[in-house]
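Q: Pasting in a structure now, in structure tokens, and then I'll have a few things to ask.
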Amino acid sequence: MIVAMQERATEEQIDAVIDAMVESGVNVHRTTGASQTILAGVGPTTGLDLRKFELLSGVLYVHRITAPYKLAGRAFRPEGTVVEFPNGARIGGEQVAIIAGPCAIENRDQIFTIAACVKAAGGGFLRGGAYKPRSSPYAFQGLGIPGLELMHEAAEANGLLTVSEVMEIAQIEPMLPYVDCFQVGARNMQNFNLLRELGLVRKPVLLKRGMSANIEELLLSSEYILAGGNYDVILCERGIRTYETSTRNTMDIAAIPVVHKLSHLPMVADPSHGTGRRDMVPPMAKAAVAAGADAIMVEIHPNADKAASDAAQTLYLDQFEKLVGELRVIATAVGRTL
């Protein structure tokens, strides 16, 4: 259930409502927006008389949540979530963020060259894979912690934040010093044990949509992280698997406005994985910004055709710089900044 407090409700009134909700057997999650406090009660609310909460001092309204996801729904944060990072960078809100980097961190020269390019183009986030979930066991699997150390050093030298994929629970703690945002890949979207553990971490989590997942399943997966108390969750549309074979995946641009209607969580678009084709990345990135994406994540490399991973979908650095300039024009046209 959702309990919306009046705009001028006091802390004493809010605490009294929280106590009443806890006594009724629900777990309470609190969020404070620009004008009011919202209390979400998660648990066995069937048969619970909501009218007794409406009568409590300071309560504006109470309603039952009918969607299976309770904390990811827009009712929990009607104004939308803006994920804020220690250096002031944001994902969500008016500005469109740029997340770019190689599919896999390969060596020092590569990641430092890319970091300088991302910074010069106006990007704020350096992404790079250190642990690579590959379809073939014989493909390059990433450098692990040494790769993260290189990326962290390159990001710090250029004033960037780092994003990298975590594949299992045991990797979370070793990655903490090097990663500003954990990425959960499409293959792990329904790794619920991993999601529960990330709910206990106080760092943002970028959750990618599974290859065959519908939007409700994506939101329910995010619920595992939110239920642990980590409200800094960012969703990502990265293409889904359909019968179409012209592209690696089918980029579901429509998912962006749908998620924004259903959820308060910011939405990222990844046209690199969404298409698997270098020539398709720029048009899909531009379409995603026009559709309301809060960030664009693309793979870039100084020598894209020789990239150790996903070369076919990776942009050259000059292509990336050109794309950011075009995205800036589109963001302005839809009333946003980049």
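Every number here is computed from the coordinates shown, using simple stated rules; none is lab data. Here the structure is a predicted model, which is why all the values come from computation and not from measurement. Cβ: placed from backbone, ideal geometry, glycine included. Neighbour counts: every protein chain shown.
Q: What percent does the relative contact order of segment 1-126 come to when contacts are Cα pairs within less than 8 Å and at least six residues apart? Don't skip to the end; give the middle numbers.
A: Details: 165 pairs, mean separation 28.2, N = 126.
With pairs under 8 Å counted, the relative contact order is 22 percent.
Q: Hey, could you get me the Stokes-Einstein D for segment 47-148, Kirkwood radius over alpha-carbon pairs, 10 °C and 1.306 mPa s, rounded to whole µm² s⁻¹?
A: On the way: Rh = 18.2 Å.
Diffusion coefficient, whole number: 87 µm²/s.
Q: Could you give log10 I(q)/I(0) at q = 0.13, 0.16, 0.19, 0.21 Å⁻¹ for segment 2-66, computed by the Debye formula over C-alpha point scatterers of equal weight, without solvent?
A: -0.29, -0.44, -0.63, -0.77
Q: Scan (1) 0.93; (2) 1.38; (3) 1.03 for the value of Cα Rg over 2.2 N^0.38 Å calculated from this model and give just the label.
A: After the calculation, the listed value that fits is (3).
Q: Continuing with the same structure: Most exposed first by the Cβ proxy, i.e. fewest other Cβ within 10 Å, how do Lys208, Lys132, Lys286, Lys261 rank?
A: Exposure proxy ranking, most exposed first: Lys261, Lys286, Lys132, Lys208.
Q: Follow-up. Please arrange His264, His152, His63 by how many other C-beta atoms lie within 10 Å of their C-beta, fewest to most.
A: Numbers: His264 24, His152 21, His63 12.
Ordered by Cβ neighbours within 10 Å, fewest first: His63, His152, His264.
Q: Quick one: helix 317-333 against the long Cα principal axis of the chain, what's the angle to the nearest 10°, folded into 0 to 90?
A: The two axes meet at around 40 degrees.
Q: Against the longest principal axis of the chain, how steep is helix 11-23, in degrees 0 to 90 to the nearest 10, with axes from Cα atoms?
A: Once rounded, one gets 90 degrees.
Q: For segment 132-191, what's the relative contact order in percent, using C-alpha pairs closer than 8 Å and at least 6 residues apart? Walk me through the numbers before you get to the answer.
A: Values: 49 pairs, mean separation 18.3, N = 60.
The normalised contact order for segment 132-191 reaches 31 percent.
Q: Which lysines, if any, have their Cα less than 17 Å from the Cα of Lys261, not counting same-chain residues under 8 positions apart?
A: Cross-link targets: Lys70.
Q: Continuing with this model, one more query. Strictly greater than 16 Å: what percent of every Cα pair in segment 153-272 meets that?
A: Numbers: 4258 of 7140 pairs.
Summing the P(r) of segment 153-272 above 16 Å gives 60 percent of all pairs.
Q: Mind checking which of Gly92, Gly144, Gly101 has the largest fluctuation in a GNM of the chain, springs on alpha carbons under 10 Å?
A: Gly144
Q: Let me ask another. Please find, in a Gaussian network model of the chain (springs between Cα atoms separated by less than 10 Å), the residue of Ile114, Ile145, Ile225 whose mean-square fluctuation is greatest.
A: Ile145
Q: On a 28 Å Cα-Cα criterion, which of the cross-link pairs Lys132/Lys203; Lys132/Lys306; Lys119/Lys306; Lys203/Lys322 come out too long? Intermediate results must be reported in sequence, preceding the final value.
A: Numbers: Lys132/Lys203 21 Å; Lys132/Lys306 17 Å; Lys119/Lys306 23 Å; Lys203/Lys322 31 Å.
The answer is Lys203/Lys322.
Q: Restricting to DSSP loop positions (anything but H, G, I, E, B) with no more than 15 other Cβ atoms inside 10 Å of their own Cβ, which trypsin sites (Lys or Arg not before Pro) remain in segment 74-166?
A: Working: sites: Arg74, Arg90, Arg108, Lys119, Arg127, Arg134; in loops: Arg134.
Within segment 74-166, the qualifying trypsin sites (Lys or Arg not before Pro) (loop, at most 15 other Cβ atoms within 10 Å) are Arg134.
Q: Most exposed first by the Cβ proxy, i.e. fewest other Cβ within 10 Å, how do Tyr316, Tyr231, Tyr61 rank? Intermediate results must be reported in sequence, preceding the final value.
A: On the way: Tyr316 16, Tyr231 21, Tyr61 12.
Fewest to most other Cβ atoms nearby, the residues stand as Tyr61, Tyr316, Tyr231.
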